1. Counting only residues 5 or more places away or on other chains, whose amide H sits under 5 Å from the amide H of A:Arg57 once H atoms are built in the peptide plane?
2. What aspartates and glutamates could a cross-link reach from A:Lys328, if we take a straight Cα to Cα line under 20 Å and drop same-chain neighbours fewer than 8 places away?
3. Counting only other chains, and only Cβ atoms inside 10 Å, what mean value do you get across the residues of A:205-216?
4. Using alpha-carbon positions, what is the distance between the centroids of region B:69-92 and region B:270-345, in Å?
5. Could you tell me the calculated FRET efficiency between A:Asn401 and A:Asp458, based on Cβ-Cβ distance and R0 = 22 angstrom, to the nearest 0.05?
6. Pull up all non-local amide H partners of B:His229: gap of 5 or more, or a different chain, and H-to-H distance under 5 Å with H placed in the peptide plane.
7. Let me check the size of region A:196-511 from its C-alpha atoms; what are the radius of gyration and Dmax in Å?
8. For region A:184-193, what does the Karplus curve 6.51 cos²θ - 1.76 cosθ + 1.60, with θ = phi - 60°, yield as ³J(HN,Hα) per residue in whole Hz, taken in order and with x for Gly and Pro?
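The values are calculated or read from the model by the stated rules, or taken from the named source; none is laboratory data. Predicted model only: the values in this text are computed from it and were never measured. For neighbour counting, all protein chains shown are included, and Cβ atoms are generated from backbone atoms with ideal geometry for every residue, glycine included. Heads up: the accessible areas ignore ligands, DNA and RNA and are worked out on the full protein's heavy atoms, side chains in. Shrake-Rupley method; radii C 1.70, N 1.55, O 1.52, S 1.80 Å.
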There are 2 protein chains.
Amino acid sequence: MPRNRPASYPLLLLLLALAGAAAVAGRRGPAPPANATTADSPVYLWPLPRSVASGSRTLTVDPDLALDPQGPGGGAPALAEAFQRYKGLVFAPWAHAARKRGGGAAAYDVARLTVLVASANDTLALGVDESYAIYVGAPGGVNAIVGGAIIEANTIYGAIRGLETFSQLCVFNYDTKNVEVRNAPWHIQDAPRFAFRGLLLDTSRHYLPIDVIKQVIDSMSFAKLNVLHWHIIDEQSFPLEVPSYPNLWKGSYTKWERYTVEDAHDIVNYAKKRGINVMAEIDVPGHAESWGYGYPKLWPSPNCTEPLDVSSNFTFEVISGILSDMRKIFPFGLFHLGGDEVYTGCWNVTPHVRQWLNEHNMTTKDAYKYFVLRAQELAIKLDWTPVNWEETFNSFKENLNPLTVVHNWLGPGVCPKVVAKGFRCIMSNQGIWYLDHLDVPWEDVYSGEPLDGISDKDQQKLVLGGEVCMWGETADTSDVLQMIWPRAAAAAERLWSPLEAITAQDVETTVLSRLHYFRCLLNHRGIAAAPVTNYYARKPPIGPGSCFVQ
Amino acid sequence: MPRNRPASYPLLLLLLALAGAAAVAGRRGPAPPANATTADSPVYLWPLPRSVASGSRTLTVDPDLALDPQGPGGGAPALAEAFQRYKGLVFAPWAHAARKRGGGAAAYDVARLTVLVASANDTLALGVDESYAIYVGAPGGVNAIVGGAIIEANTIYGAIRGLETFSQLCVFNYDTKNVEVRNAPWHIQDAPRFAFRGLLLDTSRHYLPIDVIKQVIDSMSFAKLNVLHWHIIDEQSFPLEVPSYPNLWKGSYTKWERYTVEDAHDIVNYAKKRGINVMAEIDVPGHAESWGYGYPKLWPSPNCTEPLDVSSNFTFEVISGILSDMRKIFPFGLFHLGGDEVYTGCWNVTPHVRQWLNEHNMTTKDAYKYFVLRAQELAIKLDWTPVNWEETFNSFKENLNPLTVVHNWLGPGVCPKVVAKGFRCIMSNQGIWYLDHLDVPWEDVYSGEPLDGISDKDQQKLVLGGEVCMWGETADTSDVLQMIWPRAAAAAERLWSPLEAITAQDVETTVLSRLHYFRCLLNHRGIAAAPVTNYYARKPPIGPGSCFVQ
């Protein structure tokens, strides 16, 4: 290939590129490819299941693998759909060849996947039973009671998590052109450590098309994340249709960067089929400037466009309308009301707001509290559990509705204070779990522990889990998946797998190998996950090489 | 949204981010979103058709739009499949809502798309007729003979290009929730200026999974590119299965970074359905070190692993075996034999090669020529037209087989020399059309003119077209689409649209608006095209904002 001029780089990248080039040059000579042994390494699973036992047999899997649905929930259409989806993932990207073999199904060790689902209830909610067990073995094997593959779960959502794990056990063998399960028989028992395993997506700083949100949802399901925190609206743009106040989405960047009510339903349904809840947010009163493009009366004045006008009933009428409309779209029990970064300075200098504060004998701090609590009441009336960013707790914990889930972000050590006061908590410590902080290496993400500093068992139960946040200032369709992955996977394992299993591993050897493998799996499934060993998130690979070491 | 710490940037990015932040701050206040007018701008097409006439009516399109296939080629399964694909693109990502309306089909202006294909021959080859005409109008309109929409083409490939254009005419109206064709009636006559409109993809520096190659092929069809130049193998890795020499793909990075014969067939078929030819390459003798991992005898010695051993018949037996196997996969008439960057120094110092040179009274330059010509003969015997990088022409044009297509890359002004000698030429001047040159702005890509310096009409006909090259040193699954788009679109229009139409436009106004629009269209279709106005390719957006201005 012609290359007499190197690609151009800023200085730092150039130095790294040269280092990369040297590494490549080192591959010259008769040595086999540097990573040949990777191909013989053990089966890798991400996130680690709760308990795993494996053997030493290799089983072949029939490209015409059949679903054998059992139990009251086995007949759910969503399960059949999930089976077809995973069958495609196993046999399509790794293994187009396998499909060509045809005939001879009897020759395969695993020709049928039995999926037994105990409950016919397909309600998806926080704390839904996601546990499952898998057995994969061959008839007549020493540890095998029966041949074939079985997934047992209490709900279809457990079964869907089991299908993901099963798909990771299935690997294409490029020599035999079979999909194989190596190290069988497998006995896996699994369940998540935390009920809330979230990813925030910000569609206000950049609009993300429906197709892109669906790619994100797909990729979340691969890592067993289960809450999409949809930060739909912020000060920059208001993309969502709100039938009660149809001018609101005039605050979208353009007429083409919008979500209809039907789009939002589509997202919720698509996510549900993958066992993913959608937690919507309106971030009031501090991140709502875009609301005023459609209804300027929401602004205290043309010179004070944020926070929303606390003195006006219209403000709360609009919030109530938005919440009522959104309640029809978002069945998840939690709703995020924001409440962070409320800079009330201009309330004080806007005459009618100033007058209202005086009349009500309020400081601006009081007014901030008043605003958040009134919004909470509206959400609670709609049978929603309110979630608020931690400033609300930090500012007026004594007044916060006891239902409130406090969402940490400012730093470490917040959840211990939150649960000590009896509130529930979600950890998103920005130092490690904000994905737009590009200088945080995956090891730091992996180190994030929601229960740090909380020894009381009852208090531990108040920690719902954690969430990685993909703020959108520099994330659009071009780079959002690259920014999310692979680092979100590090948090996903922390949130799913047993603490003992996580701490028992050596981060720089066994965890790193599995993470490389998982990143390459994402790539194989068409997800633009970035190299794992990037010195900096979202960077391109620094030179030629295998996915499994970059 | 919480943000008390900005994302980290290298210095240069930081400065730009600050500039971006300032621009964002400027949006505060009661002004409407900066881009509101974009929503009312005229219909944008990319690449520009040969001739376009439009009106001022807005027509609604039925979400249950029916295909009405006509003519000898109308019944082709590939056409029905393409119609369904485009129906999905028009009605799904922009317009989930439209599908919900149901009933009342009679109320839509365009309920049927007639596609008339004159020929039943579905052979895809260089120069296949890609012309088409479109008419979209309403019954009773002043310029409308009949209502509805019609695409006429001589081949299904012309019809597929027409479907792409039709899909770009269809825009979702978020107010009425209809898909509409604005500015109707439309009369479009279109055909490409050049027969060869290529994109090179390099799967040796980084393996690209099948799913990712398919995403690239999809995106190529959106820009009416028609040749995927698959640079499968290079010195770093040999991912392709070659049944005649089964050890060759031991040169893959790992066992999981490989293409089976079936995978390659899959790619060719997938591309064909989108009117895209696949031109495969083996880059001999200078970019073939990875061949020796499977067959070390192909290396002159363990200390001289490149170029391939010119003195050994085994070398040519292997090339012959590869070509025979590849001929069964790649029906396209052109095959690329590389021939660039052949540094013959170590031939001279390897004793048995040195001896062979002496016996044949050859300099290393002679041996280079001998190698290329012998490889060409093998390809020609298999009914392939050989393509070679320009060094072969620069070094021994007088001996090059007259069939040879010379592939320019080193700089400007090469095709004029090539066609003056009667050879055909493909332009890929690296200064503007190498996509790994990140500092080339889209305007420079757009300025590339394959006919520059060629005034003789007969010589002009020898220029087949051009190709943008996505070399893979720093391009893997995470960033390859981001590096290809939007700049490849600039070349795609240059290669498709009439020269007069291109030169008549103002690059910084009308072309830029359309390119923004096309980039957002790619994003809507799930393709990770990067911002247009990047100061540097592959960079994230520098701050919040609309896709249509970034």
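1. A:Asn183, A:Ala184
2. Candidates past the 8-residue exclusion: A:Asp122, A:Glu241, A:Glu262, A:Asp263, A:Asp266, A:Glu281, A:Asp283, A:Glu317, A:Glu377, A:Asp383.
3. 5
4. 38
5. Efficiency for this residue pair is about 0.65.
6. Amide H neighbours of B:His229, under 5 Å, 5+ apart: B:Leu199, B:Leu200, B:Leu201, B:Met279.
7. Every Cα atom of region A:196-511 included, Rg and Dmax give 19.3, 64 Å.
8. 7, x, 10, 10, 10, 10, 8, 6, x, 6
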